[in-house]
Amino acid sequence: MPNLSTIVAEIAAEMADAPDRGAVADYIAPLGAVDPRKFGIAVIDADGACHSAGDAEEAFSVQSVAKVFGLTLALGAGGDSVWKRVGREPSGTAFNSIVQLETERGIPRNPFLNAGAIVISDILLGNRQPAEVIAELLRFVRALAGEDGIFIDNQVAAAEQATGYRNKALANYMRAFGNLHHDVDRVLGVYFHQCALAMSCRQLALAGRYLMRSGRNPTTGHSVVSPQRARRINALMLTCGHYDGSGEFAFRVGLPAKSGVGGGILAVAPGRASIAVWSPGLNDRGNSQLGTLALERLVQRTGWSVFEG
Ligand code: GLU
């Protein structure tokens, strides 16, 4: 295999010329304003070295990628009881769909759907104020990455809040089934601010290191979650991490990964690397068009697909 830095630089150069960059999410103004020509990639290898290229230092809105960190904290707080309130199956429906909630009595299919992440926000909230929960999330992600520059973009959070009619509907519907235990507005305060977490590819890849080494940050040696929990989070990322395009992503890339509508993807090559890519244009399933293509090329050149023996 050629040198990793060379592979990463080649991929960034290929993406710079890619003609089809997808469509930038524009349901809120701050996301719609992002330049579609952006592309960044950062790969942290098993020795902790960072190989990056393109706009890897530029902060972007990680959106649903943050659901991985929210889930990790909720599992720490609630343990396996979390699974009484959220399932572990792909949904086969849109990330913000309300349809299954009716027949499945307010239990979302998985924690990466909006409904699932709203339940996770409810678990994290407990009797606290939303601001305390968000401060904890921010501290957690900064500690995972070892970087203080990670932040919550309050403009994005306010825009989510102002336009989040579907999320409000999902939350109210689950509250009616008894699967939200706290005031809907406070739960959504947590959820909308979680969506507004912002960081660069390099910082996101750093934050994801615990998932590549059995729950232990390979650089600091700190155990973040148990090996079993890390395996399970990776399993959910593989089966449910790309909305209704998770099967296609597994087919093309074959890595546990979570995408967000800001165009970011956090991917894990177990034992080998923590990877973050960002390009704001999305494909028709809401996943980064070039981010997916870049990861596809990375696994082709490294042999890192989890399905390769
Ligand atoms: N903020 C979006 C919403 O709640 C979800 C973002 C995403 O899927 O990345 O509608």
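When P256 is evaluated against the numbered criteria (1) farther than 22 Å from F192 by Cα; (2) crowded, with 19+ Cβ neighbours inside 10 Å; (3) within 16 Å of the ligand (Cβ to nearest atom); (4) not β-branched (V, I, T), which criterion, by number, is the only one it fails?
(3)
Among the helices (runs of 4 or more DSSP H) confined wholly to the range 115-200, which include 2 or more residues that are under 18 Å from the mean Cα position of the chain (by Cα) and within 30 Å of T220 (Cβ to Cβ)? So that I can check it myself, show each step before the final result.
Details: elements: 130-145, 154-163, 165-176, 184-195.
Result: 130-145, 154-163, 184-195.
I'm checking my understanding of the structure. Among residues of the range 180-202 that are more than 15 Å from the ligand (Cβ to nearest atom) and in contact (Cβ under 8 Å) with a residue 60 or more places away in the chain, which one is farthest from D148 (Cα to Cα)?
L180
What is the one condition in (1) within 11 Å of the ligand (Cβ to nearest atom); (2) closer than 25 Å to D80 by Cβ; (3) not charged (D, E, K, R) that L144 does not satisfy?
Going through the list (1) within 11 Å of the ligand (Cβ to nearest atom); (2) closer than 25 Å to D80 by Cβ; (3) not charged (D, E, K, R), L144 breaks only (1).
Could you tell me whether any residue of the range 232-239 is within 16 Å of the ligand (Cβ to nearest atom), touching a residue at least 60 places away in the same chain (Cβ under 8 Å), in a loop (DSSP other than H, G, I, E, B) and within 13 Å of the chain's Cα centre (by Cα)?
At the first step, the residues of the range 232-239 found to be within 16 Å of the ligand (Cβ to nearest atom) are 236-237.
Okay, now just the ones that are also touching a residue at least 60 places away in the same chain (Cβ under 8 Å), so 236-237.
Keeping just the survivors that are in a loop (DSSP other than H, G, I, E, B) gives none.
No, that holds for no residue.
With the requirement that a residue be more than 13 Å from the ligand (Cβ to nearest atom) and part of a loop (DSSP other than H, G, I, E, B), what does the range 60-89 give you?
R85, V86, G87, R88, E89
None of the figures in this text is laboratory data; all of them are computed from the coordinates on show. It should be emphasised that the depicted structure is a prediction, and the values quoted were computed from it without experimental measurement. Because the Cβ atoms are built from the backbone with ideal geometry, glycine has one as well, and the counts that use them run over all protein chains shown.
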